[in-house]
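Read the structure below first, then the notes.
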Amino acid sequence: MPKQKTHRGAAKRFKLTAKGKVKRRHSMMNHMQTKKAQGRKRKLRKQTDVVGGFAKAIKEMIR
């Protein structure tokens, strides 16, 4: 059976940490930022973990 190819769209959007967690960016940071509070935008800049079974699916896509 052939190897599974990397899903290039997922590989550009998600990264694996050293411990194997999946990191992702927050949404809502592309446009219309004048109406968003400064603290909200500051929190959205940071990356967060993907949780649950969705993380397992992403790991299979990007390996």
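Residues in segment 47-63 carry Karplus couplings, in order, of 7, 9, 8, 8, 10, x, x, 5, 5, 5, 5, 5, 4, 5, 5, 9, 7 Hz; the curve used is 6.51 cos²θ - 1.76 cosθ + 1.60 with θ = phi - 60°, and Gly or Pro positions show x.
How much mean residue ellipticity at 222 nm does the chain get from its helices, if each DSSP H run of length 4 or more adds -39500 (n - 2.57) and you divide by all residues, to the nearest 500 deg cm²/dmol? That comes out to -10000 deg cm²/dmol. Structural descriptor for the chain: relative contact order 43 percent, calculated from alpha carbon pairs under 8 angstrom and at least 6 residues apart.
Sorting 47-53, 34-40 by their mean Cβ neighbour count within 10 Å, with the most densely packed peptide first, gives 47-53, 34-40. Of 16, 44, the residue with the largest accessible area leads and the full order is 16, 44 (1.4 Å probe).
Binning all Cα-Cα separations of the chain at 10 Å, short to long from zero, yields these whole-percent fractions: 19, 41, 27, 11, 2, 0.
If the limit is 28 Å between Cα atoms, which of 35/56; 35/59; 3/46; 36/59; 21/43; 3/43 go over it? Listed pairs above 28 Å: 35/56; 35/59; 3/46; 36/59; 3/43.
The values are calculated or read from the model by the stated rules, or taken from the named source; none is laboratory data. Only a predicted model underlies this, so the values are computations on that prediction, with no experimental measurement involved. Ideal geometry is used to build each Cβ from the backbone, glycine not excepted, and the neighbour counts take in all protein chains shown. Areas reflect the complete protein model, heavy atoms only, side chains present, ligands, DNA and RNA absent. Shrake-Rupley method; radii C 1.70, N 1.55, O 1.52, S 1.80 Å.
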